[in-house]
Amino acid sequence: NCHGAGGLAGQHRLGARHGASVVFLGTCKVLLAIFFGSSALTLLDAVPTSVLGVMLAIAGQELATTGFTLLVSSVEKKYEEIMAAEEAATNTDA
């Protein structure tokens, strides 16, 4: 399982909000490996590629949304700073 930016974004998008979710995921994987071993690998190989594609699309959408939100908030903050400086300059001129 990928725990890079896309993996974490996908987990967050699907409801993981605390560190306990990562512990739960890890525990499930360890138990799966202990009790099912190579048959679990066969089961995981049976997951269609289209399902993995949908998961990738969800992770990408989450990263894009987060990036866009951060960009917009940064631009809004800069705009407010400019407007405040302009208003301050206008008030001192009068």
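The values are calculated or read from the model by the stated rules, or taken from the named source; none is laboratory data. Bear in mind that the values here come from a model prediction, so they are computed numbers and not experimental data. Positions of Cβ are generated from backbone atoms using ideal geometry, with glycine treated the same way; all protein chains shown enter the neighbour counts. Just the protein is used for accessible areas: all its heavy atoms, side chains included, with ligands, DNA and RNA removed. Shrake-Rupley method; radii C 1.70, N 1.55, O 1.52, S 1.80 Å.
So here's what we get for this one:
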{"quantity": "Residues that are of a type outside the set (A, V, I, L, M), open to solvent by less than 90 Å² (accessible area, probe 1.4 Å) and without any contact (Cβ under 8 Å) to a residue 24 or more places away in the chain, drawn from segment 4-31", "calculated": "Gly4, Gln11, Gly15, Gly19, Ser21, Gly26, Thr27, Cys28"}
{"quantity": "Residues located in segment 32-54, provided they are outside any helix (DSSP H, G or I) and surrounded by 10 or more Cβ atoms within 10 Å (Cβ to Cβ)", "calculated": "Val47"}
{"quantity": "Segment 55-68, subset in contact (Cβ under 8 Å) with a residue 24 or more places away in the chain and open to solvent by 70 Å² or more (accessible area, probe 1.4 Å), residue nearest to the chain's Cα centre (by Cα)", "calculated": "Leu63"}
{"quantity": "Among the candidates Ala40, Ala5, residue that is over 18 Å from Met55 (Cβ atoms) and modelled with pLDDT under 85", "calculated": "Ala40"}
{"quantity": "Residues of segment 69-83 that turn out to be over 21 Å from Ala16 (Cα atoms) and open to solvent by 100 Å² or more (accessible area, probe 1.4 Å), as a count", "calculated": "6"}
